[in-house]
Structure formats: C-alpha cells, structure tokens
Amino acid sequence: MNTEILRQVTSLGVTLLIALLVWSFYKRKTVALSERYSTFGPRFWTGSVDSCVLWPIGLITTGLLSFTLPRTFAALLVIVESLAWLLYTVVMHARYGQTVGKMVTKVRVVDFRTEGSISWRQAWLREGIPMVLSLGFLGWEVFLILTGSLDPSTLANGEALLANKGFWLLTVLPGLWFVAEVLTMLTNEKRRALHDFIAGTVVVRTNTEDRIAKPDDAPKDDAATPLGISIDGH
C-alpha cells in the first residue's frame, strides 16, 4: 500500500475515534439558555466530524496523484480537492445553517439581527477571507503544476512543503487568520469570530433547555378561581 495512503487511513482512524467521542458527548447534552452563545467548545470539535465527511475526496486525490498523470488532470484533481471543503461549507450553511459537524455538536449559524436562517450571500461572506487565501494558494499551485515546476506526486507525499519556501508562506497565512478568528471569538460576549462580523452572523446552540412550562406545571381542572368558584362550575 502506498505510504501516503496508509498515512491517510491511519489519520482517518484517529479522526473517526475523535468524531465518535464528540458525537457521544453531545448527543444528549443540553445547556442552560444563558449559555446559548457559548459556542467555542462545540465549534472547536466540528472540524473532526467534517473531516470524516470529506475524507474520501482527499484519499482519492492522494491515491491518484501518487501515479504519473498528465499535468492538466493532476491540476484538475488539486482544484476539485481544494474547492470541495469550500463548497461543502457554503452550501450546508446556506441550506441548513449547519455542517454535519455542527449538527453533531448542536450549534447553528443564524443571522445576527433576526437569529433566523442566513442567506446565500452571508454563507459566502463567512468564507470570504479563507476563500481568497485558498484560491491564492490553489492558483499558484496549479500554475506550478501546469508549467512543470512542481511534480504532482510531491503533493501526495508532502515533499512540496519541504521543497518550496512559497508553500510555507502560503500555509502560514491561513494559520494566522485562524489565530485572529480565535482571538476575536474569545473577546466578545456572543463569541462572534471575524467571519461572523463580516457576514452579519452569530453561532448559537440548538440544545438549550426548554423553558416552556411542562404539563405538570399547568393549572389543574379543579383549581379554584380567585373568587372561590372552581373552574368546572361546582
């Protein structure tokens, strides 16, 4: 078995274990209404679940790139893999307000003002900066493949990062954005990250405790009115 594919399978095993533990922890968990915006923890764990959803695309791409392929086909594979995560995130948020990971951890993206469903425009805006960074990296990567400056197989085994300083720079930029997102999220009451401010969204928990009165708390049929007359007229 190709070494990189073996690494991918091992990585999936670890990620699946984490995702299973996350699902087990959140499946019956409820929180107080006051914690509606306390979403840092759940959002942190969504990535492990979503990684499992998109793992097959990465495995197929890695496997194919390990072979000698025409440059155009190799570039197309890289484009598909890179855009898969972006499209998955945008479509799921626009349609449901949640990726599979958010469904498992019971959080949802809503409009900041109305707390209703977000629009397609907001879904795209949330991914605006990551999209620009990803497309910049992707464009440079595809250019190097098509011009023969980069062997596609080095992407499969990770050698590209070691062989090209540009890859290090373009990998660091998304990391810096992630740090800025986390710092922003931790410094405001509703835990809104930078992309939430850009898109006018906020993430809320969907598993807050029901504050509606339970049937047992409702008035009994034979309860007396303030005038001392029972409700059933006796």
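Look through the stretch 170-213, keep the residues that are among the acidic types (Asp, Glu) and under 25 Å from residue 135 (Cβ atoms), and return whichever of them is surrounded by the fewest Cβ atoms within 10 Å (Cβ to Cβ). So that I can check it myself, show each step before the final result.
Our first condition is that a residue be among the acidic types (Asp, Glu); within the stretch 170-213, this holds for 181, 189, 196, 209-210.
Filter once more, keeping what is under 25 Å from residue 135 (Cβ atoms): 181, 196.
On the way: 181: 18, 196: 22.
Once the filter is applied, the top-ranked residue is 181.
So, residue 82, is that one in a loop (DSSP other than H, G, I, E, B) and in contact (Cβ under 8 Å) with a residue 12 or more places away in the chain or not?
The answer is no for residue 82.
Return the only residue of 106, 102 being on the phi > 0 side of the Ramachandran plot and at pLDDT 90 or above.
Values: 102 fails: on the phi > 0 side of the Ramachandran plot.
None of the others qualify; the one that does is 106.
Mind listing whichever residues of the stretch 1-43 are in a helix (DSSP H, G or I), without any contact (Cβ under 8 Å) to a residue 12 or more places away in the chain and hydrophobic (A, V, I, L, M, F, W, C)?
Scanning the stretch 1-43 gives 6, 14, 17, 20, 21, 25.
Kindly indicate the residue of the stretch 102-120 that is free of Cβ contacts under 8 Å to residues at least 60 places away in the same chain and not in a loop (DSSP other than H, G, I, E, B) and also farthest from residue 50 (Cα to Cα) among those meeting that condition. Reasoning before the result, please.
The initial filter retains those residues of the stretch 102-120 that are free of Cβ contacts under 8 Å to residues at least 60 places away in the same chain, namely 103, 114, 116-117, 119-120.
If we keep only those that are not in a loop (DSSP other than H, G, I, E, B) too, we end up with 103, 120.
Details: 103: 10, 120: 20 Å.
The qualifying residue farthest from residue 50 (Cα to Cα) is 120.
Which residue is farthest from the chain's Cα centre (by Cα), if the candidates are limited to the stretch 46-95 and must be of a type in the set (Ser, Thr, Tyr) and exposed (fewer than 15 other Cβ atoms within 10 Å of the Cβ)?
For the stretch 46-95, the residue satisfying everything is 68.
Would you confirm, using the coordinates I've provided, whether residue 127 is more than 14 Å from residue 70 (Cα to Cα), crowded, with 16+ Cβ neighbours inside 10 Å, touching a residue at least 60 places away in the same chain (Cβ under 8 Å) and over 20 Å from the mean Cα position of the chain (by Cα)?
For residue 127, the condition - more than 14 Å from residue 70 (Cα to Cα), crowded, with 16+ Cβ neighbours inside 10 Å, touching a residue at least 60 places away in the same chain (Cβ under 8 Å) and over 20 Å from the mean Cα position of the chain (by Cα) - is not met.
The values are calculated or read from the model by the stated rules, or taken from the named source; none is laboratory data. In this text the structure is predicted, and so the values were computed from the model without any measurement. Methodologically, a virtual Cβ is constructed for each residue, glycine included, from the backbone with ideal geometry; neighbour enumeration extends over all protein chains shown.
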